[in-house]
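Novice: First, the structure itself, so that you have it in front of you.
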Amino acid sequence: MGASSDSPVANSPKPDQHEAAPEVDLAQTLRELTKGEQTATAMEANLTNLESKLDALLAAFEHLEEEKGGAPGQKSKSEGN
């Protein structure tokens, strides 16, 4: 009797194929993680920049409101009634 192609030994993958797949998956995961961290860092920098611009706008509006004679966020007596 010869070895048939139905035997489990004949159909099993080579040992190096089993070991290489997790390493490739791990390498790909690490690359994706690094890319994600870089994206998160860039987003944080953009948000910080946006926050600075919003703070400057708010300060400018508050300054305009003070020049008009009213405190920011307060309604005059005529507006409230």
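Novice: E19 - would you say it is modelled with pLDDT of 85 or more and among the acidic types (D, E)? Give the derivation first.
Specialist: On the way: modelled with pLDDT of 85 or more: no; among the acidic types (D, E): yes.
Answer is no for this residue.
Novice: From E65, E51, E32, E23, grab the single residue that is loosely packed, with under 10 Cβ neighbours inside 10 Å and in a helix (DSSP H, G or I). Break it down into steps so the answer makes sense when it comes.
Specialist: Numbers: E65 fails: loosely packed, with under 10 Cβ neighbours inside 10 Å; E51 fails: loosely packed, with under 10 Cβ neighbours inside 10 Å; E32 fails: loosely packed, with under 10 Cβ neighbours inside 10 Å.
Of E65, E51, E32, E23, the one residue that is loosely packed, with under 10 Cβ neighbours inside 10 Å and in a helix (DSSP H, G or I) is E23.
The values are calculated or read from the model by the stated rules, or taken from the named source; none is laboratory data. Everything numeric in this text was worked out from a predicted model, so none of it was measured. Using ideal geometry, Cβ is built from the backbone for each residue, glycine included, and neighbour counts are taken over all protein chains shown.
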